[in-house]
Amino acid sequence: MDESEYQMGMARLVRITNRMKEGTSPVQSPDAVGNNHICKICGHFWKIRETSPEPKSCPSCRSTIWNSPYARNIVCARCGYRWKTNRERPEMCPQCKSRTYDTLMLKVKCRTCGTVWENRMDWHSEKVVCPHCGPVSKDSIFMVKQKEDVKREVTEEEVNDLKKQTDDYSKYVYLKKIGATPMEADILMRYFNRDKPVKIAMDLDIPLGLVFETIAPYIDAGAGKA
Amino acid sequence: MKLSQEGARKGPVARYSDAHIFTALSIIHREGVISRGDLAEELGLGEGSTRNILNTMEGWKQIVIQRKGVSLTPLGRETVESIPLRFVNISNPKYVKGDCQQGILVKGAADRINDGMAQRDTGIRLGSDGASVFVMRDGKIIFPNDYNVDSEDPEFAAKIRSVGIEEGDALIIAGSDDSTVSTIAAAGIGLALI
């Protein structure tokens with residue numbers, strides 16, 4: 001296999017990968033593979049010309065955002081509307097105005113019986129089927145808050161394991177291992193080194209609420225005890 | 001200093017600000033235990049907004065809500081005591097507009113004050129009629145830019161000293177026709193300074 005065939009193959013692979021990511025991920029995909037440009041919108045790939053190393057538009061779909069960092073096609077999970085964007089995360093679907101266009105299944109709760117289940121919440125249908133009450137109108141249900149879903153629980157074992165870490169570096173590695181972001185790890189390290197939350201917020205120039213929200217699960221799990 | 005995160009809360013725009021949260025913490029610290037209704041009245045907010053503030057503070061482990069009322073947790077007490085702001089009772093119609101005036105002492109903020117206009121503007125944005133700033137530099141009480149209160153108005157300078165101002169501190173007095181508005185404005189100016 002010669003070099004150009006290999007690059008063509010890579011470009012095809014990128015196109016397939018982009019298609020599989022379509023509608024969900026704002027992850028940046030490459031706009032060039034080897035000697036080929038690749039359009040992030042339609043997947044067309046073409047040879048890079050010396051006379052025009054940065055073409056303004058894709059020769060196939062004519063898109064001018066073909067190489068923008070977050071350029072991609074999005075399919076709304078609620079109404080199926082397709083649109084092109086180069087924004088990291090558009091606010092809402094242009095057609096149904098849904099803010100959850102990138103979440104396939106939503107957790108919903110029935111106002112009548114309190115049953116919680118996952119539903120696609122199709123924009124086109126007027127009713128949803130509650131597992132307990134049967135078909136009900138959309139007014140009879142509400143969406144369970146996403147934030148509550150993703151709230152990370154910290155166990156007492158995790159806190160004990162964290163306390164066992166002898167130095168700051170081990171603590172940092174352990175916190176990253178259990179899923180803390182670099183900012184959360186920094187806040188927690190300072191907190192466990194007996195810095196007061198107000199001092200942490202002032203030193204890191206972050207809202208005090210962020211410090212409290214980060215340390216609260218650890219206080220629940222017993223980290224507040226000396 | 002910001003207390004709450006921007007964009008952390010979804011839904012309609014909140015009717016309260018960081019100044020309300022800090023004021024609520026200070027009131028609970030002062031009172032020990034307080035009912036939600038009384039707190040709402042002191043903050044000049046509705047019961048719904050007060051409930052939202054309390055829920056936020058409960059999530060931050062600052063308060064405990066019990067049948068007898070709301071009180072601070074040890075972490076909440078530590079927070080109030082470590083924020084370098086303290087409400088003080090002081091007023092002077094010569095320097096500040098408004099019948100109801102509220103002072104707030106900001107520890108170590110004298111260096112961040114130029115002519116006091118930025119603080120006055122913050123106060124006005126928060127609803128007060130005006131706000132004045134006094135700082136202690138080289139042992140003297142200064143009304144920016146360079147009005148020496150010690151020599152020009154020794155009586156008021158003594159009053160300022162009596163609230164506990166120290167070298168490098170700033171005292172802000174916000175005034176309006178409503179004591180709640182003055183308190184919130186003073187807290188807002190103080191938070192913007194730290």
**Report entry** Scan of region A:178-207 for residues that are surrounded by fewer than 19 Cβ atoms within 10 Å (Cβ to Cβ) and assigned to a loop (DSSP other than H, G, I, E, B), ordered by number
**Finding:** A:Ile178, A:Gly179, A:Thr181, A:Asn193, A:Arg194, A:Asp195, A:Lys196, A:Asp205, A:Ile206, A:Pro207
Report summary line: If we keep only residues of region B:59-96 that are among the basic types (Lys, Arg) and buried (at least 17 other Cβ atoms within 10 Å of the Cβ), then the residue nearest to the other protein chains (Cβ to nearest Cβ) is B:Lys61
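Taking the stated definitions as given, is A:Asp122 surrounded by 13 or more Cβ atoms within 10 Å (Cβ to Cβ), in a loop (DSSP other than H, G, I, E, B) and not assigned by TED's automatic domain parsing to the domain that holds A:Thr214? Working first, answer last.
On the way: surrounded by 13 or more Cβ atoms within 10 Å (Cβ to Cβ): yes; in a loop (DSSP other than H, G, I, E, B): yes; not assigned by TED's automatic domain parsing to the domain that holds A:Thr214: yes.
The answer is yes for A:Asp122.
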Report summary line: Quick count over region A:178-226, residues being among the charged types (D, E, K, R), within 13 Å of another protein chain (Cβ to nearest Cβ) and free of Cβ contacts under 8 Å to residues at least 40 places away in the same chain, is 8
Query raised in the report: Can we say B:Glu31 is among the charged types (D, E, K, R) and modelled with pLDDT under 90?
Result: no
Query - Criterion violated by A:Leu175 - all others in (1) surrounded by 13 or more Cβ atoms within 10 Å (Cβ to Cβ); (2) at pLDDT 85 or above; (3) more than 10 Å from chain B (Cβ to nearest Cβ) satisfied - result: (2)
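Scan region A:125-148 for residues that are assigned to a loop (DSSP other than H, G, I, E, B) and either in contact (Cβ under 8 Å) with a residue 60 or more places away in the chain or among the hydrophobic types (A, V, I, L, M, F, W, C) (or both) and report the count.
Looking only at that region, the number is 2.
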Requested in this report: Could you check, for region B:114-132, whether at least one of its residues is more than 17 Å from B:Gly188 (Cβ to Cβ) and surrounded by fewer than 21 Cβ atoms within 10 Å (Cβ to Cβ)?
Outcome: yes
Requested in this report: Give B:Ile65, B:Ile90, B:Ile27 a once-over and let me know the one that is out of contact with any His (no Cβ under 8 Å at 6 or more places or on another chain), over 20 Å from B:Ala186 (Cα atoms) and either in a helix (DSSP H, G or I) or not small (Gly, Ala, Ser) (or both).
Outcome: B:Ile65
Query raised in the report: Of all residues in region B:144-165, how many are free of Cβ contacts under 8 Å to residues at least 60 places away in the same chain and closer than 15 Å to B:Ile113 by Cβ?
Result: 5
Report summary line: Okay, strands (runs of 3 or more DSSP E) sitting entirely in region A:13-113 with 3 or more residues that are closer than 30 Å to A:His132 by Cβ and at pLDDT 85 or above, I get A:106-110
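The values are calculated or read from the model by the stated rules, or taken from the named source; none is laboratory data. This is a predicted model, so every value here is computed, not measured. Cβ: placed from backbone, ideal geometry, glycine included. Neighbour counts: every protein chain shown.
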